[in-house]
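Data first, discussion second: the structure below is written as structure tokens.
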Amino acid sequence: MPTIDDVKGFWEENPLWTGESKYKVASKEFFIEHDKVCIEDCQAGKFDLRAIPEEKNRDRVLDLGCGIGFWTVQLSKRGCTNITAADLTEKAIKIAKLRCEIFGIEAEFYQQNAEKMTFENNSFSHVNCQGVIHHTPDTRSCITEISRVLRKGGTANISVYYKNIFLRLWPFIGFLGVIMKKAGFRLKGRGRDSIYAEENIEEIVRLYDGSDNPIGKAYSKTEFISMLSPYFIINETYLHFFPSRTLPFKLPTFVKRFLDKYTGFMIYASLTKK
Ligand SMILES: C[S@@+](CC[C@H](N)C(=O)[O-])C[C@H]1O[C@@H](n2cnc3c(N)ncnc32)[C@H](O)[C@@H]1O
């Protein structure tokens, strides 16, 4: 089993969107392009406000596993204040800080392991944690920690990779992957060219972030809820993310929205601390 140091090593070397962008890392163009991809690809063209806390919980927000700062900026632009952004890696924090400087966003930055944070109990009104805890060895500890640092009545929005219908059916339809690879379906960079030709679904999920990515786990809705429910009231779960940029053609918006909503590769949970 890979360790937290393996995870840190990978993300220090491969912060999100580096190795994929045509622009200089951490330039204004790089961030604008990343915003566009996040909204177009990860949310089918329309930012989903369900990840933004209610007004009463916008006053002390933690963006956990902030990566290169997409959510940190979005949370601030959409009314959150006193934002703390934390990540396992120095590199992500450095890039996220630059993003905030470029776009005039105020935030505090800390290097933290989500499995064992140094923040006080009950210190945040809301925790945003998108696409993080499925990359770390002890996912359950991250959930306990998110609950611990939230104040009474605090909320969270957490997302992880979802065993969507394609992953569930892959043992039967996986042979199509070889044809898809030949037809030009691919993810650029990070050694992911063969992702569609892979048979094993655990490998597909791991490979999504790069061939050297030590950990990538996907959950069913039942598995996700059962990890969260000891600590949280589950207000809603929903799907997003059909990676349409891997297709060799453009999908009409209504098809993209349909695939995003019903076959998304990420499951989000909107939560209130118990
Ligand atoms: C796929 S990126 C997601 C970044 C960001 N949340 C977003 O959606 O754009 C995963 C991030 O999680 C961070 N990460 C992985 N394990 C972590 C841990 N145990 N504690 C804190 N951050 C972690 C990585 O360093 C990386 O920046």
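Taken together, the values in this text are just the output of simple stated rules run on the coordinates, not laboratory data. Model, not experiment: these values are computed from the prediction. With ideal geometry, Cβ positions are generated from the backbone for all residues, glycine too; neighbour counts draw on all protein chains shown.
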* Compute log10 of I(q)/I(0) for the range 177-274 with the Debye formula, placing one identical point scatterer on every Cα and leaving out solvent, at q = 0.15, 0.21, 0.25 Å⁻¹, to two decimals. => -0.74, -1.13, -1.29
* **Residues of type aspartates and glutamates that Lys273 reaches as a straight line, Cα spacing below 18 Å, ignoring anything fewer than 8 places off in the same chain** => Glu54, Glu55, Asp59, Asp63, Glu115, Glu120, Glu145, Glu236
* To do: Check the straight Cα-Cα distances from Lys46 and name the lysines below 20 Å, setting aside those fewer than 8 residues away within the same chain.
  => Lys36, Lys77, Lys250, Lys256, Lys261
* Structure fact -> Nearest 10, in degrees from 0 to 90: the angle of helix 253-263 to the longest Cα principal axis of the chain is 70 degrees
* Asked: Relative to the present Cα-Cα distance, how much length would full extension add between Thr272 and Glu203 at 0.36 nm per residue of separation?
  -> 21.6 nm
* Counting helices only, and only those DSSP H runs with n ≥ 4, report the 222 nm mean residue ellipticity of the chain as the sum of -39,500 (n - 2.57) divided by its residues, in deg cm²/dmol to the nearest 500. => -10500 deg cm²/dmol
* Which whole number of Å³ per residue matches the convex hull of the alpha-carbon atoms in the range 88-128? -> 86 Å³
* Asked: Roughly what % of DSSP beta bridges within the chain run antiparallel, to the nearest 5?
  -> 45 percent
* Cα extents of the range 51-200 along the three principal axes, largest first, in whole Å? -> 50, 33, 27
* To do: Could you work out the Rg to Rh ratio of the chain, with Rh taken as the Kirkwood radius (inverse of the mean 1/r over all Cα pairs)?
  => 0.94
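For Thr144 and Phe103, calculate 0.36 nm times their separation in residues minus their Cα-Cα distance, and state this gained length in nm to one decimal.
On the way: separation 41, 0.36 × 41 = 14.76 nm, distance 3.28 nm.
Fully extending the segment from Thr144 to Phe103 adds 11.5 nm.
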* **the range 94-156 pair-distance distribution - Cα-Cα, 10 Å bins, rounded %** => 20, 45, 31, 4
* Any idea how far the Cα center of the range 28-69 sits from the one of the range 175-202, in Å? -> 28 Å
* Asked: Got a sec to turn the phi values of the range 125-134 into Karplus ³J(HN,Hα) couplings, 6.51 cos²θ - 1.76 cosθ + 1.60 with θ = phi - 60°, whole Hz, x for Gly and Pro?
  -> 8, 8, 10, 9, 9, 10, x, 10, 6, 7
* Where chymotrypsin sites (Phe, Trp or Tyr not before Pro) fall in DSSP loop in the range 46-117, at most 15 other Cβ within 10 Å -> Phe47
* To do: Filter the trypsin sites (Lys or Arg not before Pro) in the range 84-126 down to the DSSP loop ones having no more than 12 other Cβ atoms within 10 Å, then list what survives.
  => Lys116
* Measure nothing but the geometry: give the 0 to 90° angle between the long axis through the Cα atoms of 139-149 and the longest principal axis through the Cα atoms of the chain, rounded to 10°. => 30 degrees
* Averaged over every viewing direction, what's the projected area of the C-alpha convex hull for the range 1-108? Give it in nm², one decimal, please. => 7.4 nm²
* the range 183-274: GluC sites (Glu not before Pro) in DSSP coil with no more than 12 other Cβ atoms inside 10 Å -> Glu199
